[in-house]
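> One structure, as structure tokens, below. Some questions next.
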Amino acid sequence: MIITRRTTNRRISILVLILGSIFSPALRGQESQQKAEPQPASKEQTAPAVSQNHSLEKDAQNPVAALISVPVQENLILGIDPGNRTKNVLNIQPVVPLSVNKNWNLIVRWISPIVYQPLPAFEPAPQVGVSGLGDMQPTFFLSPKHPGKLIWGVGPAALLPTATSHDLGQGKLGLGPGIVLLTQPTGWTLGVVTNNIWSVAGSGSRPSVNQMTLQYFVTRNLKKGWYVAMQPIITADWEATNGGRLVLPFGGGVGRIMRLGPQPVNVSIQAYGNAVYPVNGSPWSIRAQLVFLYPKHHAK
């Protein structure tokens, strides 16, 4: 599917409107709550609600929590040369915990990217691109149900050649190890999730795959479900020989765990600049995410 820059600009405008519609009702609700003067609740009434919110907050920020979640993540990868073009990656990445036994959970994390990839075009031809499904990336973490202060999970990660276009995927089946480590001291979530994937099959005409993805996350929780976070995704293509192996972003953003009607959600927006990136790559990006949370469906 061929898409022009005008279509991409419309997507950016729609993204801004969506974020505004998500955050502004919460802010208006917070303002009206401050103006109202309800009768003070007793400790017995407030304690369970505080406890539930605190538990949901911790689970929502834990990649291997026994919590079903459905993140919808929009990534605008900006400033790609030549022509200052924009790549768009919409990741739909459900996380489902499965109970193995009384001591262990298997956390299935399945990333399905829907990609708009800009293609180089010579002037005066318009800048165009191709759109479709990218390579899916499932990861399976075996994690203890009752960890100590250090929460962890380990298991295989895969790269599936599901792309609907040559330009949207790598044409290889890949496998490798994945690991997540984190801790959650009062008011904080600190951790890292990483994997390295090697190609094991696929088209002989496509380059071999040897790539690492590492995301560290530092989250500071504030009042009323708000938080600030740094969650950059560092990538390394170990097969690259032209100095473009590493993408090293820095930045962060703000988010809130709240309710849209009866539905608990985790909504956030973050911006990252790339200190290191390949020639003609993107110098910066914007990431917006809406996560649907289902706390009643814990693995038992």
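> Being at pLDDT below 95 and not in a strand (DSSP E or B) is the filter here; which residues of region 73-101 pass it?
Across region 73-101, the qualifying residues are Asp81, Pro82, Gly83, Asn84.
> Within region 46-65, which residues are modelled with pLDDT of 95 or more and either among the hydrophobic types (A, V, I, L, M, F, W, C) or more than 22 Å from the chain's Cα centre (by Cα) (or both)?
If the condition is that a residue be modelled with pLDDT of 95 or more and either among the hydrophobic types (A, V, I, L, M, F, W, C) or more than 22 Å from the chain's Cα centre (by Cα) (or both), then Ala60, Val64, Ala65 are the ones that fit.
> Quick one: Ala163 ticks every box in (1) surrounded by 15 or more Cβ atoms within 10 Å (Cβ to Cβ); (2) of a type in the set (A, V, I, L, M); (3) outside any loop (DSSP other than H, G, I, E, B) except a single one, so which number is it?
Against the list (1) surrounded by 15 or more Cβ atoms within 10 Å (Cβ to Cβ); (2) of a type in the set (A, V, I, L, M); (3) outside any loop (DSSP other than H, G, I, E, B), Ala163 comes up short only on (3).
> Can I ask one more? For region 110-145, which residues satisfy the criterion of being modelled with pLDDT of 95 or more and not in a strand (DSSP E or B)?
Gly134, Asp135, Lys145
> Moving on to the next point. If we keep just the residues of region 283-300 that are surrounded by 16 or more Cβ atoms within 10 Å (Cβ to Cβ) and at pLDDT below 95, which is farthest from the chain's Cα centre (by Cα)?
Ala299
> Something else about it: Need the failing condition index for Gln170 against (1) in a strand (DSSP E or B); (2) buried (at least 16 other Cβ atoms within 10 Å of the Cβ), just the number.
(1)
> Residues in region 139-152: is at least one touching a Ser or Thr at 6+ places or on another chain (Cβ under 6 Å) and either buried (at least 21 other Cβ atoms within 10 Å of the Cβ) or touching a residue at least 60 places away in the same chain (Cβ under 8 Å) (or both)?
The answer is no; no qualifying residue exists.
> What residue, of Val115, Val108, Val96, is out of contact with any Lys or Arg (no Cβ under 6 Å at 6 or more places or on another chain) and buried (at least 21 other Cβ atoms within 10 Å of the Cβ)?
Val115
> Pairs under 9 Å by beta carbon, first residue free of Cβ contacts under 8 Å to residues at least 40 places away in the same chain and over 16 Å from Glu57 (Cβ atoms) in region 258-273, partner of a type outside the set (Val, Ile, Thr) and not in a strand (DSSP E or B), six or more apart or different chains?
Hits for this filter: Gly273/Pro283.
> Right, something else. Any idea how many residues of region 180-197 are surrounded by 16 or more Cβ atoms within 10 Å (Cβ to Cβ) and of a type outside the set (S, T, N, Q)? Give the derivation first.
Taking region 180-197 as the starting set, the residues that turn out to be surrounded by 16 or more Cβ atoms within 10 Å (Cβ to Cβ) are 180-182, 184, 189, 191, 193-197.
Cutting the leftovers down to of a type outside the set (S, T, N, Q) gives us 180-182, 191, 193, 197.
Here the count works out to 6.
> From the residues in region 244-300 that are touching a Ser or Thr at 6+ places or on another chain (Cβ under 8 Å) and among the hydroxyl-bearing types (Ser, Thr, Tyr), which one is farthest from Pro144 (Cα to Cα)?
Tyr272
The values are calculated or read from the model by the stated rules, or taken from the named source; none is laboratory data. Everything numeric in this text was worked out from a predicted model, so none of it was measured. Glycine gets a Cβ as well: all are built from the backbone with ideal geometry, and neighbour counts include every protein chain shown.
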